[in-house]
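Okay, so here's the structure we're looking at.
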Amino acid sequence: MRIGELAARAGTTTRALRYYEARGLLPARRSGNGYRTYDEEDLKLLRQIRTLQDFGFDLEETRPFVECLRAGHPEGDSCPASLAVYRRKLDELDALIGELATVRARVGEQLARAERARERLAAEAEVPGGPEPECELGVGGGVL
């Protein structure tokens, strides 16, 4: 198949295919008339790349999977190098989850602090001569 057909079947662009070719991830075969030619194995390589990218892998991280397929393995993740990339990606995701949990806890603490402060202000406003509560968003030229 030609580059346009491969791009259409894989749901990508011819530009992306040329980029993958330039990076050595997709073979650069040419027919006698100079057109790029691809086969079903190339489509399988491309689908592997696209799936991994959908999972958040960068393009270079897909290389071991592509090389595994090119070596004749039925799946791109059956080689030791591919498994190592999976392990690194899981470690990276675990670290990000930890960071997000920390940020979530901080935001929760800030919300609790803000709610307590708001309740104090509301209670003081009910006392004669207490401060008048202000709306944080304001209307017109109000407080922002």
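Residue-level analysis places Ala123 outside the set of residues that are open to solvent by 50 Å² or more (accessible area, probe 1.4 Å), within 19 Å of the chain's Cα centre (by Cα) and free of Cβ contacts under 8 Å to residues at least 24 places away in the same chain. When the residues of segment 1-11 are filtered to those that are free of Cβ contacts under 8 Å to residues at least 40 places away in the same chain and open to solvent by less than 30 Å² (accessible area, probe 1.4 Å), the one that is nearest to Thr51 (Cα to Cα) is Ala7.
Condition check: at pLDDT 95 or above, part of a helix (DSSP H, G or I) and either over 22 Å from the mean Cα position of the chain (by Cα) or loosely packed, with under 14 Cβ neighbours inside 10 Å (or both). Does Arg15 satisfy that? Yes; evaluated as a whole, the condition is true for this residue. Applying a threshold of 7 Å to beta carbon distances and a minimum spacing of six or more residues, or different chains, the list of pairs starting in segment 86-107 at a residue that is at positive phi and touching a residue at least 60 places away in the same chain (Cβ under 8 Å) and ending at one that is of a type in the set (Gly, Ala, Ser) and open to solvent by less than 100 Å² (accessible area, probe 1.4 Å) is empty. Summed over segment 97-111, the residues that are open to solvent by less than 80 Å² (accessible area, probe 1.4 Å) and not β-branched (Val, Ile, Thr) give a count of 4. If you take the residues in segment 18-58 that are among the hydrophobic types (A, V, I, L, M, F, W, C) and more than 23 Å from Arg2 (Cβ to Cβ), which one is most open to solvent (accessible area, probe 1.4 Å)? Across segment 18-58, the extreme among qualifying residues is Phe55. What number of residues within segment 64-90 are surrounded by 13 or more Cβ atoms within 10 Å (Cβ to Cβ) and of a type in the set (Asp, Glu)? Summing the residues that are surrounded by 13 or more Cβ atoms within 10 Å (Cβ to Cβ) and of a type in the set (Asp, Glu) in segment 64-90 gives 2.
The values are calculated or read from the model by the stated rules, or taken from the named source; none is laboratory data. Everything numeric in this text was worked out from a predicted model, so none of it was measured. Backbone-built Cβ (ideal geometry, glycine too); neighbour counts: all protein chains shown. When the accessible area is computed, the model is the full protein with side chains, heavy atoms only, and any ligands, DNA or RNA have been set aside. Shrake-Rupley method; radii C 1.70, N 1.55, O 1.52, S 1.80 Å.
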